[in-house]
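For reference, the structure discussed in these notes is given below.
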Amino acid sequence: MIEAIIGGLLIGCAAACLLWGIGRVAGISGIFWQSLQPVSKDPTEQSWRALFILGLVLGPLVLLLLEWHDPPPPSDAGWGTLMVAGLLVGFGTRLGSGCTSGHGICGIARFSGRSVFATLTFMATGIVTVSLTRHFFL
Amino acid sequence: MKNWVALISGLLFGVGLAVSGMTDTAKVLGFLDFFGEWDATLAFVMAAGLAVTIPAYRLTKDHRPWFETGFSLPKASQLDVRLIGGAIIFGLGWGLYGYCPGPAVAAIAYGRLDAIVFVIMMAAGMYLAEKLIRVRDKAGASST
């Protein structure tokens, strides 16, 4: 559990850094999507997002190179499940304006009613989905 | 400077996700598995994250960001069908595989095809949602 707490504190610090540094919410689904958009009048609007996403990949990569982190075992779910899940996660986070980071870590911290509601909703449907696939269909 | 702040924030976020075990789909699904052997990891990660972000957001009052003229925080406050529908669909996908956007992107570091395919499908899903939002906005604009 100590890893979970240290990791969570680091995630919180990352969000605080983005907030105090450039005044932005560390919502990964939004940053990811915006980073894929055509370059606008102000190129930094794309570049900061692209660099945040790059950092998100480089962080674990550095840990791997230093041998401080073991890659978790791959999921045993099939490719069909993976692709449908990816599509739903993308669709849902865009439609619902956020994911676990934007609504969960940042939105709840802002005491946003929308984010509290969204977080409770996606956690509830996640729990229902896992319960159905693990305990009722198998 | 904005770019450096974002890169450092991304690095910290990625390290945090990896260290906390959130790039492990089994741990995430274990948290969502209330009727099985419940894995509390995600709850600890979220609580620790909030322990930093709650005071961090309180401190934005009467201040401005270091490298920006002001804070750009979401202004919407209404619960609407989009938010509810989106959260339901996201939760469904999350519960099917165990990746939400952050861990999926961070897991690209492991060099396996699963995270890469997931992220590509995620981008496709976002594109479809964006299309739907545009179509609905147009329909709404023409009917009013």
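The values are calculated or read from the model by the stated rules, or taken from the named source; none is laboratory data. Treat the numbers as computed from the prediction; the structure is a model and nothing was measured. Cβ: placed from backbone, ideal geometry, glycine included. Neighbour counts: every protein chain shown. Each accessible area value is taken on the protein alone, full model and side chains, heavy atoms only, with ligands, DNA and RNA left out. Shrake-Rupley method; radii C 1.70, N 1.55, O 1.52, S 1.80 Å.
Of the residues screened, A:Ser97 is one that is in contact (Cβ under 8 Å) with a residue 60 or more places away in the chain and in contact with a Leu (Cβ under 8 Å, 6 or more places away or on another chain). When the helices (runs of 4 or more DSSP H) confined to region A:22-138 are screened for residues that are open to solvent by 40 Å² or more (accessible area, probe 1.4 Å), those reaching at least 2 such residues are found at A:44-65, A:79-95, A:113-131.
When the criteria are applied in full, B:Ile88 fails the requirement of being open to solvent by 50 Å² or more (accessible area, probe 1.4 Å), more than 23 Å from A:Leu87 (Cα to Cα) and at pLDDT 95 or above. Each residue in region B:91-117 was checked for being crowded, with 24+ Cβ neighbours inside 10 Å, under 17 Å from B:Gly14 (Cα atoms) and of a type in the set (Phe, Trp, Tyr), and 1 of them qualify.
Beta carbons closer than 9 Å, at least 6 apart along the sequence or on distinct chains, pair a first residue in region A:20-33 that is on the phi > 0 side of the Ramachandran plot with a second that is among the basic types (Lys, Arg) and open to solvent by 20 Å² or more (accessible area, probe 1.4 Å) for A:Gly23/B:Arg64.
Filtering region B:59-101 to residues that are part of a loop (DSSP other than H, G, I, E, B), of a type in the set (Phe, Trp, Tyr) and either more than 7 Å from chain A (Cβ to nearest Cβ) or touching a residue at least 12 places away in the same chain (Cβ under 8 Å) (or both) leaves B:Trp66, B:Phe67, B:Tyr99. Scanning region B:31-58 for residues that are over 18 Å from A:Ala26 (Cα atoms), open to solvent by 30 Å² or more (accessible area, probe 1.4 Å) and more than 7 Å from chain A (Cβ to nearest Cβ) returns B:Glu37, B:Trp38, B:Asp39, B:Ala43. Is it the case that some residue within region A:118-136 is more than 7 Å from chain B (Cβ to nearest Cβ), of a type in the set (A, V, I, L, M), without any contact (Cβ under 8 Å) to a residue 24 or more places away in the chain and under 18 Å from B:Ala109 (Cβ atoms)? No, the conditions are met nowhere in region A:118-136.
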